[in-house]
Structure formats: structure tokens, C-alpha cells
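The values are calculated or read from the model by the stated rules, or taken from the named source; none is laboratory data. As the structure is a prediction and not an experimental result, all values here were calculated from the model. So basically every Cβ, Gly included, is an ideal-geometry build from the backbone, and we count neighbours across all protein chains shown. In case anyone asks, the SASA skips ligands and DNA or RNA and just uses the protein heavy atoms, side chains included. Shrake-Rupley method; radii C 1.70, N 1.55, O 1.52, S 1.80 Å.
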Amino acid sequence: MTDNQSDISIQMSSTNGLPSRKESSQDPSVGRGTTVTFHNICYRVEVKSGFICCRKTTDKEILKDINGVMRPGLNAILGPTGSGKSSLLDILAARKDPHGLSGHVLINGAPQPANFKCISGYVVQDDVVMGTLTVRENFQFSAALRLPMSVKEREKKERIDQIIKELGLTKVADSKPRYSIFRLFDNLTLLAAGRMLYHGPAQNAIEYFKSIGYECEPYNNPADFFLDVINGDSTAVASSKADADLDNIEEHINRDKTLAETLAEHYSSSTYYRETKAILQNISLENKKKVKTICRQLTYTTSFFHQLKWVSKRTFKNLIGNPQASIAQLCVTIFLGLVVGAIFFGIKDDFTGVQNRIGAMFFVTTNQCFSSISAIELFIVEKKIFIHEYISGYYRVSAYFISKLMADLIPMRTLPSILFTCIIYFMLGLKPRADAFFIMMFTLMMVSYTATAMALAIATGQDVVAVANLLMTIAFVFMIIFSGLLVNLTSIMSWLSWLQYFSIPRYGMTALQVNEFTDLKFCPGITNTSQIDTNCTQVSQPYCTGEEYLKNQGIEATSWGLWQNHVALACMTIIFLTICYLKLRFMKKLS
């Protein structure tokens with residue numbers, strides 16, 4: 001309608017989030033013919049300003065004494081940015097933090113059910129659907145998770161087709177669109193500065209504004225006209241402006257506040273306001289039970305595995321619809337593998353070969369860590385979608401969490417690790433043993449999984465990708481210092497040496513070194529260990545076997561010395577993923 005998306009529409013005939021001609025199977029009070037009334041809604045929030053040391057907290061009024069009735073049909077809330085329309089909608093849908101909220105909402109004259117947010121749906125201001133899916137696919141996802149599993153697939157398909165037809169979206173059902181539906185609005189609510197300016201039949205709104213001195217030109221879009229009137233920008237109000245030119249922004253804000261208050265006063269003295277108050281009073285009198293604060297709860301109509309199936313299906317479909325990131329990751333992996341293979345090509349079993357092996361191992365472990373930074377977007381980009389769907393009862397946090405992990409770990413972490421190992425292992429000419437090859441591949445996977453888990457633990461709950469990116473980069477820089485290449489870990493002072501146990505690259509480097517250096521000999525002409533001391537003196541090398549090098553680095557050249565690194569990485573992965581899940585589980589989801 002307008003370029004700032006200042007309208008919200010509500011379909012009052014809803015069952016589990018989908019318009020229907022049948023009543024809800026979960027709650028008979030919520031279905032076809034539902035009437036929502038809201039009484040004396042006021043909402044305040046605490047706003048903090050100033051620096052941390054001298055921060056002040058003030059109360060900001062978002063909504064002031066809002067009353068209304070929304071009957072079956074298409075109800076619209078319209079207003080400029082900051083008018084309070086999203087807050088009102090969240091309150092009506094039981095999705096607003098009750099702190100600072102007063103007044104009550106009734107459904108057919110009764111208090112909202114405890115799980116009202118799960119059995120109601122609404123069209124919000126911002127897009128909270130997958131842009132890579134079509135209209136029909138988004139409806140299918142909603143139907144699969146919000147309708148009971150007892151509903152047959154054929155019935156779900158018929159319900160979806162019915163909704164698409166009712167909304168006039170038949171021609172664009174298999175497209176990714178926007179659609180103007182203002183002419184379909186039955187009831188219109190206008191808000192500005194938290195005050196109600198009009199609440200009544202949509203078709204009567206133009207006549208109402210005409211009666212108070214604002215006339216809409218024949219060629220003007222009604223929605224644009226209402227917003228122009230509220231903003232004081234309409235040609236209809238140009239003649240009534242006493243202050244045509246304002247000198248600063250503060251005066252502009254004050255004028256807008258005065259205009260909103262004036263329009264609110266006009267409405268409060270209108271017949272529409274009196275009729276609405278009379279209806280609300282009758283409903284309050286009929287509802288003899290005292291309205292109590294309801295403990296909100298989430299209910300699910302489908303099982304965990306059904307949710308996991310559908311969320312995973314959508315996640316992989318989204319991955320296929322947006323292949324740029326995964327393809328780019330594979331291309332970069334192949335390119336870096338070839339570059340590393342060319343630089344360290346054909347490593348020899350001498351002292352220079354030791355240096356080249358360590359350099360190659362340091363590069364691959366560091367690359368595995370930094371390539372995992374891309375995982376920080378996993379729970380940030382889709383944060384709004386997740387919050388909206390979770391509080392609507394689509395799925396459990398665990399189902400969403402596991403599906404996202406599968407979609408990221410398999411194509412973005414596992415495949416690159418396999419490719420990377422296959423390319424560099426043979427180009428470098430590392431130990432020609434099958435077990436050593438697969439141990440290296442497994443080690444790179446574990447490093448990638450752990451780094452990804454750490455990225456998710458840090459990024460989950462953040463709103464800005466750049467902040468999470470910065471935190472991850474700082475963490476990896478410190479980890480690389482203790483990886484075992486830049487400094488000999490045995491030489492670090494005791495009060496700092498404990499930091500090495502938090503280094504992901506260190507565990508990867510150590511495992512790769514034990515895997516590669518065990519049973520290797522670097523002094524030419526050696527056939528048995530008795531010749532080591534003489535030959536080492538002749539070639540001036542500090543060590544002639546891989547075991548001696550590992551001992552010099554403080555690394556245990558045993559089977560446990562190898563696998564303890566994988567155990568440590570697995571423990572870190574579990575800890576980080578647990579932190580990520582808990583942050584996702586207890587994230588503030590009510591606005």
C-alpha cells in the first residue's frame with residue numbers, strides 16, 4: 001500500500017492460523033464467527049538513555065486507552081511508523097510481554113485461552129515467511145505443523161486451495177508476491193502516537209474524515225490519504241496549516257503530536273466511539289467472571305518427529321533455493337586445497353619436510369576454524385521467522401535446532417572437510433596409510449564441528465551479524481596463538497599455560513601431528529634406532545624420528561595421545577551446542 005508498510009490486516013475467521021469455514025477442533029470459542037474485543041488497553045515501556053555510568057530510565061507511552069471490536073471478516077490496523085499498531089496487534093494475539101500492559105482482551109466475551117497464541121494467526125507488518133518458498137509452499141508448511149495430524153493430506157490441500165482462492169492469490173500461488181487487499185477490508189483501525197483516530201467500517205472512513213474537514217481526492221488511494229492526514233502531509237489539510245514552514249525537527253514532532261491528539265479528540269466525540277464503548281460495556285456486563293491474568297502456554301498439534309521432518313524439509317529446500325553460500329564454500333575449499341597442495345607439494349622425509357608438514361597442518365586447522373564463521377548467520381538471519389513460528393506453536397525449539405544443525409553441518413562442514421582432505425593428502429604426499437588418511441579427515445571434521453558450535457554459541461541471540469563476527473574473530477586469534485606453532489607450549493608460563501586447553505586449533509594440530517609423525521624417520525640412511533645418535537650428529541638435526549619431534553613439543557606419541565584430542569573436541573562441541581540451545585530456548589520471544 002505504502003512504501004513504509006504501514007498497514008496490518010487481521011483475518012478473524014481463523015483455525016490454527018488458517019482461515020476456515022469450520023470451527024476449531026481445539027477450542028470451540030475460537031473459530032468461524034469469532035469476535036475479539038479489547039478494553040482500555042494501555043501499554044508503557046521503559047526507555048533507557050545516556051551512558052552506562054549515568055543512564056536514565058523513563059517510561060514511554062506506546063498505547064493510550066485503546067478500545068475496539070473486531071468482528072469476523074478482514075480487519076486492518078493502519079498508521080505511520082511508531083503509531084503503536086504492531087504493539088496493539090501483538091497484544092490482541094497474546095504475544096506481548098505483559099510487563100507495562102493494562103486492560104484486557106476478550107474472545108467472544110471470554111478471556112483468551114492460555115494457548116491463544118498457538119491457535120490464532122495474523123498477517124504481520126514484516127515478512128516472516130521464507131522468501132525462497134512460494135505462497136503455496138508457505139501455506140503447506142503452516143498446515144503441516146499447525147493442523148492436527150488427524151487431518152488428512154487431501155483435506156489440508158483443500159483447505160490451502162480454499163484460502164488461496166478467498167484471498168485472491170490463485171494466479172500467484174506458485175510465485176514468491178505482494179498483493180493489495182485494502183479494498184477487501186471490512187473494519188479499519190487508524191492509530192497515531194499510540195492513540196486511536198478511527199475505529200469502524202472501512203467503507204465509512206472516507207466519509208468520517210470528510211465530516212471533520214479532510215476530503216480525499218477521487219484519484220487518491222484511501223490508504224495513502226489516511227496516512228497523509230495523520231502525517232499532516234495531505235493537500236486536504238494544507239490550507240489549515242498555520243505553520244507552513246517549521247524551523248527544526250523538534251517543532252515538527254510537537255506539531256505531529258498535536259495533530260494526533262486533535263484527531264483522537266475528534267474520534268472520541270464521534271458516534272463511532274460511542275457505539276463501540278456501548279458494545280464493549282455490554283460485553284463486560286455479560287462477562288460476569290472476573291478477568292484474571294492467564295498463564296500463557298504453548299501447545300503443539302503435531303509430534304516432535306513430524307515437526308523435525310517438515311522443518312528439515314523446508315530448511316533443505318531453502319538451502320537448494322539459495323545455493324550461492326554452499327557452492328561458494330565448496331569452490332573456496334577446492335581452491336584453497338589446490339593452493340596448499342601446490343605450495344607444499346611432495347613433502348620429503350627430512351628436516352625441511354618437518355617444517356612443511358607443520359606449516360600445512362597449521363594452515364588447514366586455521367582454515368577450518370575461520371571457514372566456520374559463516375555459521376554465525378544460522379540463527380541470526382531467520383531470528384524473526386523463528387520467534388514468530390515458535391510462539392505460534394509451529395514447532396518445538398529442539399526440532400528447529402536439530403534441523404538447522406543438520407542443514408549446516410552436512411553440506412557446509414562435512415563435505416568441505418572431505419574434499420579438503422582428499423585434495424591435500426595426496427598432493428602433499430603424507431603418510432601412505434589408509435588409517436592415517438581417514439584419521440586426518442575425521443580430525444578436520446571435528447575441528448570444523450567444534451568451531452561451528454562455538455560460532456553458534458556466540459552468535460545465537462545476537463541481532464547484528466557484525467558483532468558476532470567480531471567476537472568470533474577475536475576468539476580465534478587467541479586460540480591460534482596457543483595452537484602449538486607460533487609458540488612452544490612447554491615454554492609458556494604456568495599462569496598462562498591453562499589457556500591452551502581452550503584452543504580448538506591446538507587439539508586439531510596435536511591430533512594431526514601424532515597421526516602423521518608417528519613412525520616417521522627424518523635422518524637419511526637410518527635402518528634401525530641404534531644408528532640414530534650417530535647420523536643425527538652428522539646431519540646436525542635436533543631429532544631424527546617423529547617421536548622425538550613430538551616429545552620436543554610436549555606431545556604424547558601414543559594412541560591416547562591421539563584420541564584424547566578428539567574427545568576434547570567432542571566435549572567442547574557438546575558444551576557449545578548446549579549453550580546455543582539454551583540461549584535459543586530462553587531467548588526473549590515476546591515483543
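With respect to the conditions (1) out of contact with any Asp or Glu (no Cβ under 6 Å at 6 or more places or on another chain); (2) open to solvent by 10 Å² or more (accessible area, probe 1.4 Å), Lys431 lacks only one, and its number is (1).
Residue-wise test of (1) at pLDDT 80 or above; (2) not in a helix (DSSP H, G or I).
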{"residue": "Asp161", "(1), (2)": "yes, no"}
{"residue": "Tyr179", "(1), (2)": "no, yes"}
{"residue": "Gln203", "(1), (2)": "yes, no"}
{"residue": "Ile206", "(1), (2)": "yes, no"}
{"residue": "Glu215", "(1), (2)": "yes, yes"}
{"residue": "Ala223", "(1), (2)": "yes, no"}
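When each of Leu582, Leu590 is tested for being at pLDDT below 90 and out of contact with any Ser or Thr (no Cβ under 7 Å at 6 or more places or on another chain), the lone residue that passes is Leu590. When region 55-76 is examined, which residues are found to be small (Gly, Ala, Ser) and outside any strand (DSSP E or B)? Result: Gly73, single match. Of all residues in region 313-327, those being over 16 Å from Arg146 (Cβ atoms), touching a Ser or Thr at 6+ places or on another chain (Cβ under 9 Å) and surrounded by fewer than 18 Cβ atoms within 10 Å (Cβ to Cβ) number 8. A search for C-beta distances below 9 Å between a residue of region 441-468 that is closer than 21 Å to Arg585 by Cα and any residue that is of a type in the set (Asp, Glu), counting only pairs 6+ apart in sequence or on different chains, returns Thr452/Asp408; Leu456/Asp408; Ala459/Glu377; Val465/Glu377; Ala468/Glu377. So Ser120 fits all but one of (1) open to solvent by less than 20 Å² (accessible area, probe 1.4 Å); (2) modelled with pLDDT of 80 or more; (3) touching a strand residue (DSSP E or B) at 6+ places or on another chain (Cβ under 7 Å); what number is the exception? If we test Ser120 against (1) open to solvent by less than 20 Å² (accessible area, probe 1.4 Å); (2) modelled with pLDDT of 80 or more; (3) touching a strand residue (DSSP E or B) at 6+ places or on another chain (Cβ under 7 Å), just (2) comes out false.
The residue that is most open to solvent (accessible area, probe 1.4 Å), among those in region 375-393 that are charged (D, E, K, R) and over 14 Å from Lys583 (Cβ atoms), is Lys384.
Quickly run through region 373-393 and pick out the residues that are in contact with a Phe, Trp or Tyr (Cβ under 8 Å, 6 or more places away or on another chain) and part of a loop (DSSP other than H, G, I, E, B). Phe379, Gly393 - these are the residues of region 373-393 that are in contact with a Phe, Trp or Tyr (Cβ under 8 Å, 6 or more places away or on another chain) and part of a loop (DSSP other than H, G, I, E, B). Scanning region 453-491 for residues that are open to solvent by 20 Å² or more (accessible area, probe 1.4 Å), of a type in the set (A, V, I, L, M) and over 24 Å from Ala360 (Cβ atoms) returns Ile458, Val464, Val465, Ala466, Val467, Leu470, Leu471, Ile474.
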